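Colleague: Please read through the structure below; I'll follow up with questions.
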Amino acid sequence: YEGDEIELGDGTHGIITRMGLMHTDLRGGDEIITRIPNSQIATQRARNVSRINKCQVKQTLWFGYKDVGRMDAVVSEIKEEIRSSCPELIT
């Protein structure tokens, strides 16, 4: 639908600004409109990311050996910050 954010199998990502019989226009994060023939869209996987109501975040944290003794406290602080910022968190 127009206004939905999609991601195509080739990595193209954007918000649908116009859907026509022959082509679809996507506005990317850089605000540039890309016109894609519907025949190309029909031959690849498409994800409608605007309809997703949950997401997963992965983060790598680096600590020095001098902090090993503090890890339990650091992990507890991180979890508490996440809980307070995201009360509907699913674990």
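Colleague: I'd like the carbon and sulfur percentage of the solvent accessible area for the chain, probe radius 1.4 Å, heavy atoms only, ligands and nucleic acids excluded. Don't jump to the answer; show the numbers that get you there.
Modeller: Details: 4190 of 7870 Å².
Summing carbon and sulfur atoms, their accessible area is 53 percent of the total for the chain.
Colleague: Now for a separate question. Can you list which of the chymotrypsin sites (Phe, Trp or Tyr not before Pro) found in the chain are DSSP loop residues with at most 11 other C-beta atoms within 10 Å?
Modeller: Working: sites: Y1, W62, F63, Y65; in loops: Y1, W62, F63.
Filter output for the chain: Y1, W62, F63.
Colleague: Something else: What is the Cα radius of gyration of the chain over 2.2 N^0.38 Å, N being its residue count? Mind showing how you got there, number by number?
Modeller: Working: Rg = 20.3 Å, N = 91, 2.2 N^0.38 = 12.2 Å.
Normalised by 2.2 N^0.38 Å, the Cα Rg of the chain equals 1.67.
Colleague: Shifting gears a bit: What number comes out for accessible area per residue over the chain if the probe is 1.4 Å? Units Å², please.
Modeller: Values: 7870 Å² over 91 residues.
Value returned for the chain: 86 Å² of accessible area per residue.
Colleague: Right, here's the next one. Just flag the GluC sites (Glu not before Pro) in the stretch 23-91 sitting in loop per DSSP whose Cβ has no more than 10 other Cβ atoms within 10 Å. Write down the numbers at each step before the final one.
Modeller: Details: sites: E31, E77, E80, E81, E88; in loops: E31, E88.
Here the GluC sites (Glu not before Pro) that fit, given the DSSP loop and packing criteria, are E31, E88.
Colleague: Now for a separate question. Between R45 and K79, 0.36 nm times their residue separation minus their Cα-Cα distance comes to what?
Modeller: Working: separation 34, 0.36 × 34 = 12.24 nm, distance 3.58 nm.
Gain in length upon complete extension: 8.7 nm.
Colleague: Let me check something: with ligands and nucleic acids excluded, how do L21, L61, L26 order by accessible area (1.4 Å probe), largest to smallest?
Modeller: Working: L21 165, L61 95, L26 5 Å².
Order by accessible area, largest first: L21, L61, L26.
Colleague: Mind pulling the angle between the C-alpha long axis of helix 71-85 and the longest principal axis of the chain? Nearest 10 degrees, somewhere in 0 to 90.
Modeller: Helix 71-85 and the main axis of the chain meet at about 50 degrees.
Colleague: Can you show me the helix-derived [θ] at 222 nm for the chain, built from DSSP H runs with n ≥ 4 at -39,500 (n - 2.57) apiece and divided by the number of residues, rounded to the nearest 500. List each step's numbers first, then the result.
Modeller: Numbers: 2 runs with 20 residues, N = 91.
Rounded to the nearest 500, it is -6500 deg cm²/dmol.
The values are calculated or read from the model by the stated rules, or taken from the named source; none is laboratory data. In this text the structure is predicted, and so the values were computed from the model without any measurement. Every residue, glycine among them, receives a Cβ derived from its backbone with ideal geometry; neighbour counts consider all protein chains shown. Remember, those area values only see protein heavy atoms, side chains included, never the ligands or the DNA or RNA. Shrake-Rupley method; radii C 1.70, N 1.55, O 1.52, S 1.80 Å.
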